[in-house]
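The values are calculated or read from the model by the stated rules, or taken from the named source; none is laboratory data. Please read these numbers as outputs of a predicted model, since none were measured by experiment. In case anyone asks, the SASA skips ligands and DNA or RNA and just uses the protein heavy atoms, side chains included. Shrake-Rupley method; radii C 1.70, N 1.55, O 1.52, S 1.80 Å.
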Amino acid sequence: MAPFVDSTKCSEELQVKFRQWYQLKDQGANFNEALMRNKTFRNPNIYRWLVDHLQLEEAGTNLPSDGRFDPAQLRKDFSVKGLADDQERRAREYAARKAAAASAAKASGSVRSMQFQSGGFEKLQTPMPPSRPPTASTQSHPDNGRSFEEAVQRAKLIAQHLARPNKQ
(Lines give C-alpha, C1' and ligand atoms only; values in the text may rest on other atoms or scores of the structure.)
Protein backbone atom coordinates (compact mmCIF):
# COMPACT_ATOMS: atom_id res chain seq x y z
CA MET A 1 0.00 0.00 0.00
CA ALA A 2 1.32 3.42 -0.93
CA PRO A 3 2.06 5.72 2.00
CA PHE A 4 -0.14 8.43 0.50
CA VAL A 5 -2.34 9.10 -2.52
CA ASP A 6 -1.29 11.85 -4.88
CA SER A 7 -4.34 13.84 -6.01
CA THR A 8 -2.63 15.71 -8.87
CA LYS A 9 -3.80 14.84 -12.38
CA CYS A 10 -1.55 13.30 -15.02
CA SER A 11 -0.68 15.45 -17.99
CA GLU A 12 -2.75 14.85 -21.11
CA GLU A 13 0.38 13.68 -22.93
CA LEU A 14 0.99 10.97 -20.30
CA GLN A 15 -2.66 9.91 -20.39
CA VAL A 16 -2.43 9.49 -24.19
CA LYS A 17 0.63 7.25 -23.74
CA PHE A 18 -1.23 5.10 -21.20
CA ARG A 19 -4.21 4.77 -23.54
CA GLN A 20 -1.89 3.62 -26.34
CA TRP A 21 -0.28 1.03 -24.07
CA TYR A 22 -3.68 -0.28 -22.96
CA GLN A 23 -4.81 -0.53 -26.60
CA LEU A 24 -1.70 -2.52 -27.49
CA LYS A 25 -2.29 -4.75 -24.47
CA ASP A 26 -5.91 -5.35 -25.55
CA GLN A 27 -4.61 -6.35 -29.02
CA GLY A 28 -2.40 -9.02 -27.38
CA ALA A 29 0.92 -7.19 -27.38
CA ASN A 30 3.17 -8.01 -24.44
CA PHE A 31 5.96 -5.56 -23.80
CA ASN A 32 7.85 -7.90 -21.43
CA GLU A 33 7.90 -10.74 -23.99
CA ALA A 34 9.05 -8.39 -26.75
CA LEU A 35 11.79 -7.08 -24.52
CA MET A 36 12.94 -10.61 -23.61
CA ARG A 37 13.08 -11.57 -27.32
CA ASN A 38 15.25 -8.55 -28.08
CA LYS A 39 18.89 -9.59 -28.56
CA THR A 40 20.14 -6.41 -26.92
CA PHE A 41 18.29 -7.25 -23.72
CA ARG A 42 20.38 -10.43 -23.35
CA ASN A 43 23.56 -8.36 -23.18
CA PRO A 44 24.91 -8.66 -19.61
CA ASN A 45 26.10 -5.04 -19.72
CA ILE A 46 22.68 -3.64 -20.66
CA TYR A 47 21.76 -2.85 -17.05
CA ARG A 48 24.83 -0.70 -16.44
CA TRP A 49 24.34 1.00 -19.83
CA LEU A 50 20.67 1.77 -19.08
CA VAL A 51 21.49 3.18 -15.66
CA ASP A 52 24.19 5.42 -17.13
CA HIS A 53 22.30 6.39 -20.31
CA LEU A 54 19.02 7.19 -18.59
CA GLN A 55 20.80 8.74 -15.60
CA LEU A 56 18.92 6.54 -13.16
CA GLU A 57 19.60 6.64 -9.47
CA GLU A 58 19.76 2.97 -8.48
CA ALA A 59 19.00 3.56 -4.82
CA GLY A 60 16.44 6.26 -5.52
CA THR A 61 12.73 6.45 -4.92
CA ASN A 62 9.63 7.50 -6.83
CA LEU A 63 8.21 9.13 -3.74
CA PRO A 64 8.36 12.92 -3.60
CA SER A 65 11.34 14.40 -1.81
CA ASP A 66 9.20 16.16 0.77
CA GLY A 67 10.99 14.47 3.65
CA ARG A 68 8.73 11.43 4.01
CA PHE A 69 11.31 9.03 2.60
CA ASP A 70 14.71 9.89 1.19
CA PRO A 71 17.18 7.02 0.70
CA ALA A 72 20.05 9.50 0.60
CA GLN A 73 19.26 10.41 4.21
CA LEU A 74 19.54 6.81 5.47
CA ARG A 75 22.35 5.94 7.82
CA LYS A 76 25.55 4.91 6.06
CA ASP A 77 25.47 1.46 7.68
CA PHE A 78 22.18 0.74 5.85
CA SER A 79 24.11 0.38 2.57
CA VAL A 80 25.35 -2.96 1.28
CA LYS A 81 28.92 -2.12 2.27
CA GLY A 82 27.80 -0.90 5.67
CA LEU A 83 25.82 -4.09 6.32
CA ALA A 84 28.77 -6.25 5.20
CA ASP A 85 31.14 -4.32 7.48
CA ASP A 86 28.73 -4.71 10.40
CA GLN A 87 28.39 -8.45 9.76
CA GLU A 88 32.18 -8.84 9.63
CA ARG A 89 32.59 -6.86 12.88
CA ARG A 90 30.01 -9.04 14.62
CA ALA A 91 31.72 -12.23 13.37
CA ARG A 92 35.08 -11.02 14.76
CA GLU A 93 33.47 -10.17 18.11
CA TYR A 94 31.79 -13.59 18.26
CA ALA A 95 35.08 -15.37 17.47
CA ALA A 96 36.88 -13.32 20.14
CA ARG A 97 34.20 -14.13 22.76
CA LYS A 98 34.33 -17.82 21.85
CA ALA A 99 38.15 -17.89 22.07
CA ALA A 100 38.07 -16.06 25.41
CA ALA A 101 35.50 -18.49 26.80
CA ALA A 102 37.55 -21.48 25.61
CA SER A 103 40.76 -20.17 27.15
CA ALA A 104 38.96 -19.35 30.41
CA ALA A 105 37.48 -22.85 30.53
CA LYS A 106 40.88 -24.38 29.82
CA ALA A 107 42.52 -22.28 32.53
CA SER A 108 39.90 -23.23 35.13
CA GLY A 109 40.14 -26.91 34.22
CA SER A 110 36.50 -27.18 33.25
CA VAL A 111 37.20 -28.30 29.71
CA ARG A 112 35.32 -31.47 29.03
CA SER A 113 36.96 -34.14 26.97
CA MET A 114 35.26 -36.74 24.90
CA GLN A 115 36.37 -40.34 24.88
CA PHE A 116 35.93 -42.25 21.65
CA GLN A 117 35.45 -45.99 21.40
CA SER A 118 35.93 -48.32 18.53
CA GLY A 119 32.95 -48.78 16.27
CA GLY A 120 33.41 -52.55 16.38
CA PHE A 121 35.79 -53.07 13.46
CA GLU A 122 37.83 -56.17 14.22
CA LYS A 123 41.53 -55.98 13.71
CA LEU A 124 42.80 -58.07 10.84
CA GLN A 125 44.26 -61.32 12.16
CA THR A 126 46.30 -62.10 9.05
CA PRO A 127 49.79 -60.61 9.26
CA MET A 128 51.04 -58.43 6.46
CA PRO A 129 53.39 -60.30 4.10
CA PRO A 130 56.85 -58.80 3.84
CA SER A 131 57.28 -56.50 0.89
CA ARG A 132 59.52 -57.45 -1.96
CA PRO A 133 62.63 -55.47 -2.72
CA PRO A 134 62.16 -52.78 -5.35
CA THR A 135 62.28 -53.90 -8.96
CA ALA A 136 64.16 -52.20 -11.76
CA SER A 137 61.09 -50.14 -12.65
CA THR A 138 60.92 -48.67 -9.13
CA GLN A 139 64.66 -48.19 -8.54
CA SER A 140 64.40 -44.46 -9.27
CA HIS A 141 61.92 -44.07 -6.42
CA PRO A 142 62.15 -47.00 -3.99
CA ASP A 143 58.96 -46.13 -2.08
CA ASN A 144 56.80 -46.34 -5.20
CA GLY A 145 56.85 -50.11 -5.62
CA ARG A 146 56.74 -50.95 -1.92
CA SER A 147 53.88 -48.56 -1.15
CA PHE A 148 51.83 -49.85 -4.04
CA GLU A 149 52.45 -53.49 -3.15
CA GLU A 150 51.55 -52.83 0.49
CA ALA A 151 48.37 -51.09 -0.61
CA VAL A 152 47.44 -54.06 -2.81
CA GLN A 153 48.09 -56.49 0.05
CA ARG A 154 45.99 -54.40 2.44
CA ALA A 155 43.19 -54.25 -0.11
CA LYS A 156 43.26 -58.04 -0.46
CA LEU A 157 43.13 -58.49 3.31
CA ILE A 158 40.24 -56.07 3.65
CA ALA A 159 38.38 -57.82 0.83
CA GLN A 160 38.89 -61.18 2.58
CA HIS A 161 37.68 -59.70 5.85
CA LEU A 162 34.58 -58.25 4.24
CA ALA A 163 33.84 -61.53 2.45
CA ARG A 164 33.70 -63.41 5.79
CA PRO A 165 30.22 -63.84 7.26
CA ASN A 166 29.47 -61.68 10.29
CA LYS A 167 29.86 -63.35 13.67
CA GLN A 168 26.89 -62.30 15.76
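From the list Arg48, Arg42, pick out the single residue that is at pLDDT below 85 and charged (D, E, K, R). Break it down into steps so the answer makes sense when it comes.
Numbers: Arg48 fails: at pLDDT below 85.
After ruling out the rest, the residue left standing is Arg42.
Counted as qualifying within the range 9-111 are the helices (runs of 4 or more DSSP H) with 1 or more residues that are among the aliphatic types (A, V, I, L, M) and open to solvent by 100 Å² or more (accessible area, probe 1.4 Å), namely 31-37, 80-108.
To keep it simple, each residue is scored yes or no on (1) at pLDDT 75 or above; (2) among the hydrophobic types (A, V, I, L, M, F, W, C).
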residue: Ala100; (1), (2): yes, yes
residue: Asp143; (1), (2): no, no
residue: Phe148; (1), (2): yes, yes
residue: Ala151; (1), (2): yes, yes
residue: His161; (1), (2): yes, no
